[in-house]
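What follows is a short report on a single structure.
No value in this document is a laboratory result; all are computed from the given coordinates. Only a predicted model underlies this, so the values are computations on that prediction, with no experimental measurement involved. Virtual Cβ from ideal backbone geometry, glycine too; neighbours counted across all protein chains shown.
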Amino acid sequence: MPVPSALLDLAVDPVIHDIDLRWTMAYAAALGDHNDRYFDTMRSNTVVAHPLFSVCPEWNAIVASRSQSSTIGMTTAEVLTGVHATHDVTIHRLVRPGDRLTTQLQIVALTDIGPGAKATTRLITTDADGQEVTATTQDAIYLGIPTDGTDHLDPMPPTVIAGSNRTGDPTTFSIDIAAGAAHTYTDCARIWNPIHTDRAVARAAGLPDIILHGTATLAHGVTAVVNARANGRPELVRRIAGRFAAMVRMPSMITINVWPGTLTPDGTTTVPFEVLNAQGDAAVRDGLIVLGELRE
């Protein structure tokens, strides 16, 4: 059946997580990112989470929205055709161990594009004081399934990122992706989707084998930008955006290209990047990270 407009009316209860040190450390360790800011409890400044850790508390809200899709007539098979296509997160401050975070989800747009219906989801995560920590807008595409004929546009889409042009020569990183990388990431991030760890499920979904999570691939790109353009300071990351394209199989190698940053009129710096799989195809394309001082 077509993806119904009623998808926009799905009600998902807020999801609350208590963030512990073991979780934030494990997330960075799963990426092989050993920056002291994620691990050294002897630092004068508190330990923080990796900039893309926000995907971890968001996951249960996404799972809940998928479960609720059955209430509007979508089958499990139809829901499973949805693929994570884009990711755009604004970071007001980095997550810290000890945070109690609440994530609220709303599906804000539904449009027809060539491959199928595109659903846009917004996830807002706040702390115990009600202050916004992160705001994510992401697109999923239901491959081969159209909408019911009516386009509903995002009433408040994220602003366009200035300074996105690639200039100069990129700094290049090569990273080995181990055979068990997806299994490690699944448990360290506490994000479980069986297409990343169960060959039978992956093959039944039309994949050649299990593949690395898109958010893990994106997180490797974030790490490269922090190391190459932020002097190892993850707290400078204010926004992360990119499009998911090619798959990353395991074991394999990925290549990350990080271009020089462009200073923008608001005083931030925009850094373009991309992540290529072993075949040279863009696993993360049109990657952009905005760097600037955060509210800490």
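A few notes on this one:
- Amide H contacts for Val133 (H built 1.01 Å from N in the peptide plane; partners 5 or more residues away or on another chain; cut-off under 5 Å): Thr125, Thr126, Asp127.
- Listed residues Phe53, Pro265, Ala179: farthest to the positive end of the dipole of the stretch 5-291 (Cβ charges): Ala179
- Take the Cα of Asp198, step 7 Å toward its Cβ, do the same at Asp281, and the gap between the two points is 2.5 nm.
- Rg to Rh, two decimals, where the stretch 1-133 supplies the alpha carbon set and Rh follows Kirkwood: 1.04
- The magnitude of the dipole of the stretch 90-175, with charges of +1 and -1 set on the Cβ of Lys/Arg and Asp/Glu and taken from the Cα centre, is near 240 debye.
- Per-residue ellipticity at 222 nm from helix content only, as computed over the chain with -39500 (n - 2.57) for each DSSP H run of at least four residues, stands at -6000 deg cm²/dmol.
- You can think of it this way: the chain between Leu153 and Gln131 has 5.2 nm of extra reach, that is 0.36 nm per residue less the Cα-Cα gap.
- Radius 12 Å from Cβ of Ala182, net charge of other residues (Lys, Arg +1; Asp, Glu -1): -1
- Per-residue 3J(HN,Hα) values for the stretch 253-265, derived from phi via the Karplus relation 6.51 cos²θ - 1.76 cosθ + 1.60 with θ = phi - 60°, read 10, 10, 10, 10, 9, 10, 8, x, x, 10, 6, 9, x Hz in sequence order (x marks Gly and Pro).
- Cα gyration tensor shape for the stretch 177-296, rounded if a/c is under 1.5, else prolate or oblate: prolate
- Sequence-separation-based contact order of the chain, relative, with Cα cut under 8 Å and 6+ spacing, percent: 19 percent
- Phi to ³J(HN,Hα) by Karplus 6.51 cos²θ - 1.76 cosθ + 1.60 over the stretch 218-231, Hz, x for Gly, Pro: 4, 4, 4, x, 4, 4, 4, 5, 4, 6, 8, 10, 10, 6
- By the count of neighbouring beta-carbon atoms within 10 Å, fewest first, Val48, Val63 end up ordered Val63, Val48.
- Backbone amide hydrogens, once placed in the peptide plane, bring Ile113 within less than 5 Å of Lys118, excluding anything fewer than 5 places away on its chain.
- Asp148 long-range amide H proximity, modeled H, under 5 Å: Val3, Ser5
- Answer label, with Cα extents along the principal axes in Å calculated from the coordinates and candidates [x] 54, 46, 39; [y] 58, 46, 40; [z] 60, 44, 35: [x]
- FRET efficiency, Thr171 to Ala205 (Cβ-Cβ, R0 35 Å, nearest 0.05): 0.50
- Mean separation of Cα contacts under 8 Å, 6 or more apart, over the residue count of the stretch 73-195: relative contact order %: 25 percent
- Here the Karplus curve 6.51 cos²θ - 1.76 cosθ + 1.60, taken at θ = phi - 60°, turns the phi angles of the stretch 99-104 into couplings of 5, 9, 10, 10, 10, 10 Hz, with x standing for Gly and Pro.
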